[in-house]
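Here is the structure we will look at, set down as C-alpha cells.
Values quoted throughout were computed directly from the atomic coordinates according to the rules given, and no laboratory measurement underlies them. What you see is a predicted model, and the numbers here were worked out from it, not measured in a lab. Neighbour counts run over all protein chains shown; Cβ positions are idealised from the backbone, glycine included.
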Amino acid sequence: MPNFNKGVPVKSVGFIVNPIAGMGGAVGLKGTDGRDVLERAMILGAKAIAPARAESFLSELKTLDGSMRLFIGAGSMGEDEARNCDFACEVIGGGGIETSAENTIEIARKVADEHADLLVFCGGDGTARDILKAIGTRIPALGVPTGVKMHSAVFALEPKAAARTAIGFLRGRLPLSEAEVMDVDEEAFREGRVSAQLYGYMLTPHEPRLIQGSKIASPMTEDEMRNQVAIAIYVIENMEADVIYIVGPGTTTRTIGDLLDAKKTLLGVDLFRNKMLVASDVNEERILKDIKGKATQIIVTPIGGQGFIFGRGNQQISPEVIRQVGLDNVVVVATEAKLGGLRCLRVDTGDPSLDEKLRGRRFRVITDYKTERVMFIE
C-alpha cells in the first residue's frame, strides 16, 4: 500500500493501457481491432507504441506522486509503465500475456467501483468505446491518444497535454463537460469507406487548449468540391519531374489522384511520381524504401475540426519519414471551409523532439488555385 503525504488531499486516479493500440498505424492497417488484424500487424513488423506514450504521460504526472492514489491495470495494461516510472500504485484486474477488450472493461468497472476521481486510458476510439461501456458517466475519463484513429473528443492532444489536463482537473481548476465517443467500422475503413457512429458521451475535463475536438467530415457541397478541384489543379501544376510525392489521406488529397486519372485511396497513403500513381496504400517500410536518396515531398491535409496534419490516421508518414523528407518539403492543402473551422494546425507524430521542432513553425496552406494562407502549428 503506498504512503501518502499527511495533510495533502488524496486524489484517486485509474490508469489503463491498451498495449496493442496504434500498432496497425505505421504498417498501414488503419487499426488493430481483432486478433487477425493484430497478427497481420505483427507479421508486417509492427511495434508497440502504447508503452512509451503511457510513460510519457506518467512522467508528467509525477508532480502529483504522494498526493495521489493510483489504481493501475495489471502487467502490460499499466503496471509495467507505472513501475518503470517509479510510481506507487495498486494493481487491479487481470493481466495475462494477451489482453482484450474484456480486460479493459473489467478494470474500468473496478476503478469506477472505487469512486476514482478520474480514469485515464491509453488507446484509440475502440478503447474509448470499451471505457464508455464500462463506466458511462459514473466517473470522469480522459484519453491519452495512442490509437490509429481518434475521432472522439475525449482525447488530449498528446500524452503530456493529457497529463497537464489531468493535473489541472485534479487540482480543481477545470470543469467537466460531456464529450463525444465516436468510432468507425475498421473493416469498412480499410476498404476506403468511412462509417462513423456516435456511441455516447463521457464526462471529460474541459480544457479546449489541450483536448481535441471531434473529427468533422468535409461537407460534400458543390462549393467544397469546386474548391478541392482548384487546389488539386494548383498542386498538379507545381509537381516537379522525378520528385516522389507522398500523398496522405483525405477527400482533398484524393481529388489530386482523381484529376491525374489515378485511383488514390481515400484513407491510405499513396506515392506519385511524374504525375503517375506508383504505389497505393503504402506503409512506413515501403515509403522509406522508395524515397531513399530521392527528392521527395509530403502532401497532407488537416483533420477537420482537429487540425492534425501528422499523427491521426496517417501514421505511415512516420517521424523517420518526415525527417528524411525534411520539414521544408511538407505541403499542406485545405479547403476554405475546413480551414475556417481551425485556429491552428497540430501534430502528434509520436516523437516528442520532432513535435517540438514542428510546434511554432509556420506553413503555407494551399486553400484555392494560386491561393495560400499562413497557418502555424500549436
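Any chance you could check the Cα centroid distance between region 106-136 and region 257-311 for me, in angstrom?
Using only Cα atoms, the two centres lie 36 Å from each other.
Report, ordered by chain and residue number, the lysines lying within cross-link reach of LYS160, taken as a straight Cα distance under 23 Å and ignoring same-chain residues fewer than 8 apart.
LYS11, LYS47, LYS62, LYS149, LYS215, LYS357
With +1 on each Lys and Arg Cβ and -1 on each Asp and Glu Cβ, how big is the dipole of the chain about its Cα centre, in debye rounded to the nearest 20?
Dipole about the Cα centre, nearest 20: 840 debye.
With only alpha-carbon pairs counted, each pair once and no self-pairs, how large is the Kirkwood hydrodynamic radius of the chain in angstroms?
It works out to 21.2 Å.
In percent, what relative contact order does the chain have, based on Cα pairs under 8 Å that are 6 or more apart in sequence?
Relative contact order comes out at 14 percent.
Using only the alpha carbons of region 222-376, what is the convex hull's orientation-averaged projected area in square nanometres?
8.1 nm²
Select from TYR234, CYS344, LEU267 the residue farthest towards the positive end of the dipole of region 222-376; place +1 on Cβ of Lys and Arg, -1 on Cβ of Asp and Glu, and compute about the Cα centre.
CYS344
At a 10 Å Cβ-Cβ cut-off, how would you order ASP223, ASP348, ASP258, fewest neighbours first?
ASP223, ASP258, ASP348
Could you work out [θ]222 nm for the chain from helices alone, using -39500 (n - 2.57) per DSSP H run of at least four and dividing by all its residues? Round to the nearest 500 deg cm²/dmol.
After summing the helix terms and dividing by the residues of the chain, the value is -9000 deg cm²/dmol.
Would you please give the residues with an amide H less than 5 Å from that of GLY78, counting only those at least 5 places away or on a separate chain, with H modeled from the backbone geometry?
Residues meeting the amide H criterion: VAL17.
If we count chymotrypsin sites (Phe, Trp or Tyr not before Pro) as exposed when they sit in a DSSP loop and have at most 16 other beta carbons within 10 Å, what is the longest stretch of the chain that avoids them all?
Between the exposed loop sites, the longest stretch runs 5-368.
Most exposed first by the Cβ proxy, i.e. fewest other Cβ within 10 Å, how do ILE246, ILE135 rank?
Going from least to most buried by this count: ILE135, ILE246.
What's the center-to-center distance, using Cα atoms, between region 215-252 and region 329-378 in Å?
One Cα centre to the other: 15 Å.
Show me the trypsin sites (Lys or Arg not before Pro) within region 206-282 that DSSP assigns to loop and that have at most 13 other Cβ atoms within 10 Å of their Cβ.
Here the trypsin sites (Lys or Arg not before Pro) that fit, given the DSSP loop and packing criteria, are ARG209, LYS263.
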